[in-house]
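Supplied in structure tokens, the structure appears directly below.
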Amino acid sequence: MSAARAVTAVAGTNIALVKYWGKRDVALNLPATGSLSLTLDRLGTRTTVAFDDGATDRLVLDGAPADDAATTRVSAFLDRVRARAEIAGRALVTSDNSVPTAAGLASSASGFAALALAATRAAGLTLSPPELSALARIGSGSAARSIFGGFVEMARGERPDGSDAVAHALPEQGPDQGSNNEGWDVRLVVAITASGPKAIGSTAAMTHTARTSPYYEAWVAGVPADLTAARDAIAARDLAALGVIAERSALRMHAAAMAADPAIIYWNAATVSAIAAVRALRARGTDAFVTIDAGPHVKALCRAADADAVAGALRAVPGVSETLIAAPGPGARVVEGA
Ligand code: PMV
């Protein structure tokens, strides 16, 4: 290969409000159900890819050479890009997260979305957003959603090759957008309840849940109705309706995982206390609703006007070390190169 062309892309992470938990195909990361999420502005990944004459792919993650497992995962992903672009060069990948990697704050979502965009452009390819979404999905199921900004729905898809298992942005504006947009300025308040990587990765945990949890089938069966209701709540700009669905979806997902044998328990004491704190706020009239991913941190969906109060209540919970307030953010984009 001649002179390396470096392309830098950024992507925000996303938090699912209707969770994805289970695969219909592990190799292609095809989800058992659809899902629905909000892409965030503050938490994300910035990734630069340059194909060159190196003997191997190299990954520098948050300023230090990555471990073998992370490098192998990125290299396998780059193999797909190389095959599609018909190039052979290895790559230097430099990736920086604005949240701790693998702390259960969905860095794989923004990571593989940014990587899909930077790597395809550096390889000379220009994919459509749905094509990028399908590619990002192979790196991490949730990454398919971070290609798009704001509220995003991921389709389960039916095809065995996964070409229809892609995300799309939900319409920015509801029919009555003009009249109640102000009430729809949402935030996600993130409460950090632990440090370090999560106990069990999402793929292993999903597979184990599907194999051993008596609640898995019920979980899968309930998702389509949640998706319909969440879509309607977003179209109507009804935060309370959306929040009820989001909290229920997260608790059902964790219930299915907890019922696996042996149990998968992502929560710690502060997780439970934070859930109680948000529900206590709600009992006093603040529309705030929890969601929890494959880790112990708690995220609260609320209005922008309530975000400081929600963050304050969460900071007062013993074991919560930090809170962050994130707003809806844009989809993945190229910021340098291309
Ligand atoms: O994208 P993965 O394979 O890390 O799975 C994400 C799983 C959850 O974050 C728990 C739910 C979701 O839909 O993002």
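Once you compute Rg and the Kirkwood Rh from C-alpha atoms, what is the Rg to Rh ratio for region 154-305?
0.99
While we're looking at this one, here's another question. Using amide H atoms built 1.01 Å from N in the peptide plane, name the residues 5+ places from Thr13, or on other chains, whose amide H lies under 5 Å from its own.
Counting only residues 5 or more places away or on other chains, the set is Leu40, Leu43, Gly44, Thr45.
Pick from Arg24, Arg211, Arg46: which is most flexible by mean-square fluctuation in a GNM of the chain where alpha carbon atoms under 10 Å apart are linked?
Arg211
Quick one: of the DSSP bridges fully inside the chain, what percent are antiparallel, nearest 5?
The antiparallel fraction comes to roughly 90 percent.
For n ≥ 4 DSSP H runs only, could you compute -39500 (n - 2.57) per run for the chain, divide by its residues and tell me the 222 nm figure to the nearest 500?
Numbers: 9 runs with 124 residues, N = 338.
So the helix-based figure for the chain works out to -12000 deg cm²/dmol.
Below 8 Å, C-alpha to C-alpha, sequence gap of six or more: please give me the relative contact order for the chain in percent. Show your work: numbers first, answer last.
Working: 800 pairs, mean separation 84.1, N = 338.
Once divided by the residue count of the chain, the mean separation gives 25 percent.
Accessible area per residue for the chain in Å², computed with a 1.4 Å probe and the full protein assembly in place, what is it?
Per-residue accessible area for the chain comes out at 40 Å².
Among 302-314, 158-170, how do they line up by average Cβ neighbours within 10 Å per residue, starting with the highest? Don't jump to the answer; show the numbers that get you there.
On the way: 302-314: 19.0, 158-170: 16.6.
Taking the mean over residues of other Cβ atoms within 10 Å, the ranking is 302-314, 158-170.
Moving on to the next point. For Gly337, what residues show an amide H to amide H distance below 5 Å, using hydrogens built from the backbone and excluding near sequence neighbours?
Long-range HN contacts for Gly337: Thr8.
Non-local amide H neighbours of Arg24 (under 5 Å, H modeled in plane, Pro and chain starts lacking H): which ones?
Answer set, sorted by chain and number: Leu30, Ala32.
Have a look at region 17-88 and give its Rg and Dmax from the Cα atoms, expressed in angstrom.
15.7, 43
The values are calculated or read from the model by the stated rules, or taken from the named source; none is laboratory data. These numbers were taken from a predicted model, which means no experiment stands behind them. In this analysis, Cβ positions are derived from the backbone assuming ideal geometry, glycine residues included, and neighbour counts consider all displayed protein chains. The accessibility values were calculated without ligands, DNA or RNA, using every heavy atom of the protein model including side chains. Shrake-Rupley method; radii C 1.70, N 1.55, O 1.52, S 1.80 Å.
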